[in-house]
Each structure stands twice: as C-alpha cells, then as structure tokens.
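Below: one structure, written as structure tokens.
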Amino acid sequence: MPDKAFFSFMAPSLLAMILFIALPIGSVFLQSLFVEHSQVMKTVETCSPFGGCTDETIVDAEATQALAQAQPLGRFNGLGTYTDRNHLAFDDLGRARREADTFGEFLSAIMNLRFYRALVFTIAFTAIVTPFVLALGLVIALAVNMLPRMTKGPAIFVSLLPMIVTPLVGSLILAWIVDAEGILGATLQTLFKDPDLSLKASPTLTWIMLFIYGIWHATPFSFIVFYAGLQTVPRDTLEAAMIDGASRAQRIRYVVVPHLMPLVTFVLLIQLMDNFRVFEPIVGFSADANATSLSWIIYNDLRGGETTLFGSAAATSFLTLVGVIILLIPVLIRTWRDHNSKPA
Amino acid sequence: MSAASQQHPISMKFAAFGLVLFWLMLAGGPFLWTVWGSFKVQGDFFSKSDWTNAIYGIRTTIETGGPFTGQGYSGAWIEQEFWRATLNTFIVVLCTVTISLTFGTLGGYALARSGRR
C-alpha cells in the first residue's frame, strides 16, 4: 500500500486521537500548572449614625469576577500543585519519616494524606481484583465449556449480566442488597444479633465489599474472552497430549493455558487499566468515608465543594495517568517483544 | 459424536455444572431480586422486619391493593423523566458507534494491509 493511501486511511483515526486524546491530556497538564485566583479583597469604610466609622475588609465580588474572566486558567503555580499537601505532599512525607518511630506510625501518617490514602486503596483494589478476575474467568470458562450444548447459551447470557449493566447500576443493585435494610444486610444483622451491624461502617468490610464488587463486575469480561479462546484450542494437540498420558490438569496446564496466553495478557492489560480507574462502586456504595480512589478524588475536586478546583483535579488526573503508564509498562514491553519476535 | 478430548467423566460434569450454577446465582441473582423488587413498594423491598415481605408484598398490598405495582416504573419513566435520559443515551450511542466504527475500520484496514512493521 503506498504511503499516501495509508495515511489517508489513517487520517480520521489520527485526527480523532489528536483531538480527543492528545489535546485533552495537554490541556489537563496545562491546567494543572495553575490554581484558582484568591478572592480580591477591598477595604471599605462603613459609618453608622451613632458609632462612628470602621474599616472593614470584604470580598470584592466584581473585581474577583473580572480577574477570573481576564485569566480564566487561574494563577500560575508551576508544579506547586503537584507537591502540595493534597497531592504528593513532599513536606508532610518528609516530616512523617523524621518523626515516625515505627513503620506503623509512618503508615498511619501517610493514610492521613488525601492523595496517598486514595493511592493505597486504588493499588490494593487493582492488585487484589485483577488476579481473581483472571483466575475465576478461566475457571468459569472451562466449566461452561463442559456444559451440554443446550445450556451454554443461557449460561453465557446470565454470566454476562454483571458486565453489561452500567457499573453504577451494578454497584447500586449490590449496595441495596447489603444495605442495612436490604435482604443480605438485614439477614446478617439477625444472624449476628447486632442491629447496628453495617457493612458501610467498618473500613475493612467496606474494602472487602468493594473488592467483591470489582471481581463480580469484571469476571464476565475475562470469562467471555477466555471462552472465545477455548473454542480455538487445537484438538490435535489435546489428543496428542492424551495419548502421551497427560492428565486433565496437565492438559490444561501445558496445552490450554499456553494457547490462551496472548488473551491473558490482553485481559491483564485491560483489567489493570480499568481497576486503576475504579470510581463508580465508591459512588454506588456511598463508600467514600472509608475508601477513596484516585478517580474519586478527581471527581470530588470538581463536584464536591463550593468552588471547583480545576487545578487540583488536573494535577491528580495527570498523576493517575502516570500511575497507569507505570503499571502498564511491563506488560507493554512484554507484548512488544512477543510481537517483534514472531516470524513475519 | 464428539472427540475423545471433549469427553469428560460424569463426576467432572457434575462439578462443572455445580460451579456454573453457583456462579450464575451470583451473577444473575442480584438482578432477579432487583427486578422482582421493582414491582414492590419501598417498604417491602427494604423490609427490615421480615425479608419475606419482599416476596409476598405485604406492604405493597396494603398501599396499592395488589401484590405487584407499576408505581416505580411510572415514577421513574414519567415523573423523573427517565424517557429523556433514554433518548439522550440512544443519540450518544448512535453517534459514537457510527463514528468510531467508521474511523476504526478505515484505520484497521490500512494497518492490516501495510506490509511495513
């Protein structure tokens, strides 16, 4: 294919990528270098008929608005937003390291910092949910593949339900069930004879609940990918392995899993990305008192307070992006090497 | 007729069947429960005193006269204007799928046909 034809075919995609990926990232980075204007103050003299005159400092609404309109990006802050207390918090981190005697104290000091608290939850979520999703997806795919033909279709359909519905609705459905007045929550209260038992009150239980939701939501994805892969496992190799005396487990270990390996890499890549962006379950379960993720603090900057903190949200977004890239680099390098070593 | 590699001992089949059944209950159960509960009033769906209220619809019968009610649906669809949200969703879906599929197939074709690596 001549270069010219190649580029004209690629042009729409490239244009869309520049417009919807590169430009927004650039704009987010630019915004992260700025912070909101502080309010313009002015001193006015108020006089009352009897008490004389006093000077008062009030917010000059007009001037504040004029300033915001003149410089909509805000006040230039350089990388200050990245290192402030709400983000990487270098100062607080240094102080915690100097003052904390034990590792536990250091850890609890870190958990008081907004960004690190969210980072710890996000990493824990990614690290726990991803392996479970891969393993369960494979096991369910193998099991469904053994079902009689008639039941495969309905089984696949129902299996996909947790993935098809929007994450927000899915987490709401589960949240209603484990709610103090929902069927599971109320049953647990009766079982443990504790009318105040609430999964939302305990940080540990909240984390476990969110992990379970994450596994429940993402397993259908890995299931359907692995199930599709299972249909292409070469039968000759399987039968040759049987003749060689390989047991069922050995056939899965040495024939099926190696055959599915590219798919495992694919699912791993998508899952790492998805789980690192965990957001909806925290809103759906209203779990933000005990668990916040990086995406959630971005949302909170934009929608949580009275003023919208664009600079702070942009800095967190950029740090999240860096996190995703760090997480994906090993997988990407591996994929690239496999791709290049394949005979053309 | 199935190949030897497709045949499984009966115990394996039962294990697989049980596992899938357990998974389907986990995957589909919450939806079934919510669909069922959507025809009840809130007092039944979130019944603290007795969970079987949600099945028999005790409060629903008291409040609406029958064990099932469509109140939730008319409330969401008409009063909360869910129809508008649905319409918006369809517009977004139509545009996104059309645009990304067009661009994607064009780009994918070019990538697949170009011999260079």
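Would you check which residues across the stretch A:291-324 are more than 21 Å from residue A:34 (Cβ to Cβ) and out of contact with any Leu (no Cβ under 9 Å at 6 or more places or on another chain) and list them? Once the filter is applied, which keeps residues that are more than 21 Å from residue A:34 (Cβ to Cβ) and out of contact with any Leu (no Cβ under 9 Å at 6 or more places or on another chain), the stretch A:291-324 yields A:292, A:295, A:296. Identify, please: which residue in the stretch B:52-89 is free of Cβ contacts under 8 Å to residues at least 12 places away in the same chain and at positive phi and is, among those, farthest from the chain's Cα centre (by Cα)? Filtering the stretch B:52-89 for residues that are free of Cβ contacts under 8 Å to residues at least 12 places away in the same chain and at positive phi, the one farthest from the chain's Cα centre (by Cα) comes out as B:65. Scanning the stretch A:182-198 for residues that are touching a helix residue (DSSP H, G or I) at 6+ places or on another chain (Cβ under 9 Å), surrounded by 14 or more Cβ atoms within 10 Å (Cβ to Cβ) and either closer than 22 Å to residue A:283 by Cα or at pLDDT below 75 (or both) yields a total of 6.
Of the numbered conditions (1) more than 14 Å from chain B (Cβ to nearest Cβ); (2) without any contact (Cβ under 8 Å) to a residue 40 or more places away in the chain; (3) surrounded by 14 or more Cβ atoms within 10 Å (Cβ to Cβ), residue A:27 satisfies every one except a single condition; which is it? Unmet condition: (3). Taking the stretch A:297-344 as the range and being in contact with an Asp or Glu (Cβ under 8 Å, 6 or more places away or on another chain) and not small (Gly, Ala, Ser) as the test, the residues that pass are A:300, A:307, A:308, A:309, A:310, A:316.
Name the residues in the stretch A:1-60 that are acidic (Asp, Glu) and in contact with a helix residue (DSSP H, G or I) (Cβ under 8 Å, 6 or more places away or on another chain), would you? A:36, the sole residue that qualifies.
Looking at (1) in contact (Cβ under 8 Å) with a residue 12 or more places away in the chain; (2) within 17 Å of the chain's Cα centre (by Cα), find the lone condition where residue A:136 falls short. Condition not satisfied by residue A:136: (2). When you scan the stretch A:193-207, do you find a residue that is among the β-branched types (Val, Ile, Thr), within 19 Å of residue A:169 (Cβ to Cβ) and in contact (Cβ under 8 Å) with a residue 12 or more places away in the chain, even just one? Within the stretch A:193-207 (the criterion being among the β-branched types (Val, Ile, Thr), within 19 Å of residue A:169 (Cβ to Cβ) and in contact (Cβ under 8 Å) with a residue 12 or more places away in the chain), the answer is no, since none of the residues qualifies. The condition (being exposed (fewer than 13 other Cβ atoms within 10 Å of the Cβ) and of a type in the set (Ser, Thr, Tyr)) is satisfied by just one residue among B:64, B:96, B:34: B:96.
Could you please let me know if residue A:257 is part of a helix (DSSP H, G or I), within 16 Å of the chain's Cα centre (by Cα) and surrounded by fewer than 19 Cβ atoms within 10 Å (Cβ to Cβ)? Here the answer is no, as residue A:257 does not meet what is asked. Of the helices (runs of 4 or more DSSP H) lying entirely inside the stretch B:1-114, those containing at least 1 residues that are modelled with pLDDT of 85 or more and within 12 Å of another protein chain (Cβ to nearest Cβ) span B:10-37, B:82-113. Cβ separations smaller than 7 Å between residues 6+ apart or across chains give the following pairs from the stretch A:161-185 residues that are within 9 Å of another protein chain (Cβ to nearest Cβ) and closer than 16 Å to residue A:218 by Cβ to residues that are among the small types (Gly, Ala, Ser) and part of a helix (DSSP H, G or I): A:161/B:27; A:161/B:28; A:162/A:170; A:162/B:27. Being over 24 Å from residue A:313 (Cα atoms) and either small (Gly, Ala, Ser) or touching a strand residue (DSSP E or B) at 6+ places or on another chain (Cβ under 9 Å) (or both): is that true of residue A:68 here? No. For the structure I just gave you, tell me whether residue A:253 is out of contact with any helix residue (DSSP H, G or I) (no Cβ under 9 Å at 6 or more places or on another chain) and among the basic types (Lys, Arg). Yes; evaluated as a whole, the condition is true for this residue.
Residues A:201, A:175, A:143: which one is buried (at least 18 other Cβ atoms within 10 Å of the Cβ) and either outside the structural domain of residue A:326 (by TED's automatic domain parsing) or out of contact with any Gly (no Cβ under 6 Å at 6 or more places or on another chain) (or both)?
Values: A:201 fails: buried (at least 18 other Cβ atoms within 10 Å of the Cβ); A:175 fails: either outside the structural domain of residue A:326 (by TED's automatic domain parsing) or out of contact with any Gly (no Cβ under 6 Å at 6 or more places or on another chain) (or both).
A:143 is the lone residue from the list that is buried (at least 18 other Cβ atoms within 10 Å of the Cβ) and either outside the structural domain of residue A:326 (by TED's automatic domain parsing) or out of contact with any Gly (no Cβ under 6 Å at 6 or more places or on another chain) (or both).
The values are calculated or read from the model by the stated rules, or taken from the named source; none is laboratory data. The model shown is predicted, which means the values in this text are computed figures rather than measured ones. Neighbour counts are summed over all protein chains in view; Cβ atoms, including those assigned to glycine, are modelled from backbone coordinates with ideal geometry.
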